[in-house]
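Before any comments, here is the structure.
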Amino acid sequence: MIGSKRHRSPRIAGLAMLCSAALVAGTIGTGLAAAGTARVAPRLNSIDFDFDKGNALPDVLYGRVGEAIKKYVSPKGTDATLVFRIAALASVAHFDAIAPYRPTAVGIYSNLGRRPAEESAGNRNRNIAILYASYRVYNSLIPEGAADWRKIMTDVGLNPDDDQENATTAIGIGNLAGKSVNAARLHDGMNQLGDAGGRKYNLQPYADYLGFKPANTAYEIRDPSLWQPAVVTKGNGIFQVQQFVTPQLMVTKPFTYDDPKKFLIPPPHNSDYEGNRAGYKRQTDEVLAASAGLTDATKMRAEFFDDKFRGIGYSSAVVALNRGIGIDKFIDHVTAADIGVFDASISVWYDKWKYQAVRPFTTVRVLYGGQKVTAWGGPGKGTVEDLPAKDWRPYLGTPDHPEYPSGSTAACAATAQAGRRAFGTDDITLSYTFAKGSSSVEPGLTPTAATTLSWTTWSDWLRDCGLSRLNGGVHFKAAIEASKKLGPQFGDRSYDLVQAHVAGKRGSGG
């Protein structure tokens, strides 16, 4: 017998995740005391899970999958392109896995029929199907984590080797749902296998096959208006030059539209060094002023939103869980949010390739060279007035892709709009507490006291998401404002897609 009936996992205030089982941060137990009533399984070795009344996503998957993704894919939770794709594909698998147990729903990538009412009562079959669908998707997306995925299954009494494929059992349905998603997305443009262009040997998963070459090198600025790769280090004596991360995202298949060109935004005029020197200087000075004015609160907001697990996902999922919705509506919500974020990112990456806009770390050097500026002086240094411009660095690490528009802000905008549509209001109850000294940039030093971030509307949350990129020193305000306008339509599109499939209408996406 799979998963005997047990008491529900204790409720722990707060949850660190990114809207789907793919994306929970490994921060359970950190900053959790401030947000709602999210449910997280208290033990990671042997999970006491109630299949009949529980929800496998927050109760079983979220924390453990997030830890695995940080181990194999995104150590700091900031590698947005892969993280967002994993999230979207996992969420679609979850949606498709429970569709047969709902009155009218049909999967986005599968049509597995309808199960009788007696099988659809309660959450048991839904949870089993979800876990098997997850197992198949995660093994395809992150095969390095095979041992982690097996342990998740065995810890709740499921057999990961049961590979039956039929539309009459929860295990079979889950396997089919997961494998249908894998088949649909394996060659969606992201080069998951590394075989793009017919490559047969020494495969390079997710490698650029479009041949992007930056106008500037890490050592020579040929055009001050365009993106320059940074030289980055982990402090271990090894220095590396950035590459534009997965530029092929711009040609990857979206869920809710055909061509990202239709969403092309106006060019970043203030980044035009030759044509708009005054705007170029003005936006650079604005970044330096934000750097000089950093506080514990602005630093923590920057870190919160920079970690895509903890920022975007934590917010969306906790808002949903705090509303006390059931498993079906919860999955509808996170699926819409994850698809919206993924589709927004494809559009953003098209614009990034199109404009290849310069980052602040370059403009500071171009304008001020060997001069000294007033700004944050680095971890533990506070604001200093004698910082050589060539030594300035943003509070957050400089991302490995062009500046315009802001991918994080667009993702936040899509998430907020999906949340508004799901719950019919801009109002939210959301907070997150950073313990004293818990900063990842200034560990042990910042914040100087426990700091709680709180929001009561999606609009305020989105505003702070955008400003966090300015305060973090990685974006100009124009990129933020452009993304705040660009992103919401993808939340609308994804919400409409999911609701169409809830109503049993096919052919509207995928």
Practice item. For the chain, build the charge dipole from Cβ charges (+1 Lys, Arg; -1 Asp, Glu) around the Cα centre, then report which of THR298, ALA97, GLN204 sits farthest towards its positive end. Key: ALA97
Study note, to complete from the structure: Tilt, helix 80-98 to longest principal axis of the chain (alpha-carbon atoms), in degrees rounded to tens, equals 20
Point to revise | Prolate/oblate/rounded label for segment 297-416 (Cα gyration tensor, a/c 1.5) | key: oblate
Check your understanding: What ranking do 474-484, 256-266 get when scored by the average of other Cβ atoms within 10 Å per residue, highest first?
Key -> 474-484, 256-266
Point to revise | Between 0 and 90°, nearest 10: helix 277-292 axis offset from the chain longest Cα axis | key: 70
Review point. Which whole-Hz ³J(HN,Hα) couplings does segment 175-182 yield from phi under the Karplus relation 6.51 cos²θ - 1.76 cosθ + 1.60, θ = phi - 60°, glycine and proline marked x?
Key: 4, 5, 4, x, 5, 5, 5, 4
Practice item. Would you give the gap between the C-alpha center of segment 129-154 and the C-alpha center of segment 460-510, rounded to a whole Å? Key: 28
**Study point:** Residues whose placed amide H lies under 5 Å from that of TYR206, excluding near-sequence neighbours
**Key:** GLN192, LEU193, GLY194
Exercise for review: Report, to the nearest whole %, how much of the accessible area of the chain belongs to carbon and sulfur atoms, 1.4 Å probe, protein only.
Suggested key: 51
Review point. By how many degrees, 0 to 90 and rounded to 10, does the Cα axis of helix 146-155 deviate from the longest principal axis of the chain?
Key: 40
Check your understanding: Can you give the accessible area of ARG506 in Å² (nearest 10), computed on protein heavy atoms with a 1.4 Å probe?
Key -> 120
Review point. Taking Cα centroids, how far is segment 44-111 from segment 321-396 in Å?
Key: 26
**Study point:** Mean Cβ neighbour count within 10 Å, used as a protection proxy, ranking 288-295, 113-120 highest first
**Key:** 288-295, 113-120
Revision key, fill the gap. One quarter of the C-alpha convex hull surface, i.e. the mean projected area of segment 354-503 in nm², amounts to 11.0
Practice item. Report, largest value first, the span of the C-alpha coordinates of segment 382-452 along each principal axis, in whole Å. Key: 50, 34, 20
Review point. Non-local amide H neighbours of ILE428 (under 5 Å, H modeled in plane, Pro and chain starts lacking H): which ones?
Key: THR457, TRP458
Point to revise | Solution diffusion estimate, µm²/s, Stokes-Einstein, the chain, Kirkwood Rh from C-alpha pairs, 10 °C, viscosity 1.306 mPa s | key: 69
Check your understanding: Taking only DSSP H segments of four or more residues, each worth -39500 (n - 2.57), what value at 222 nm results for the chain once the sum is divided by all its residues, to the nearest 500 deg cm²/dmol?
Key -> -13000 deg cm²/dmol
Practice item. Step through the table entries LYS253/LYS352; LYS299/LYS485; LYS234/LYS354; LYS262/LYS354; LYS179/LYS308, compare each Cα-Cα distance with 23 Å, and write down the pairs that go over it. Key: LYS299/LYS485; LYS234/LYS354; LYS179/LYS308
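The values are calculated or read from the model by the stated rules, or taken from the named source; none is laboratory data. Remember, predicted model here, so these are calculated numbers, not experimental data. Backbone-built Cβ (ideal geometry, glycine too); neighbour counts: all protein chains shown. Quick note on the areas: whole protein, heavy atoms, side chains included, nothing else; ligands and nucleic acids left out. Shrake-Rupley method; radii C 1.70, N 1.55, O 1.52, S 1.80 Å.
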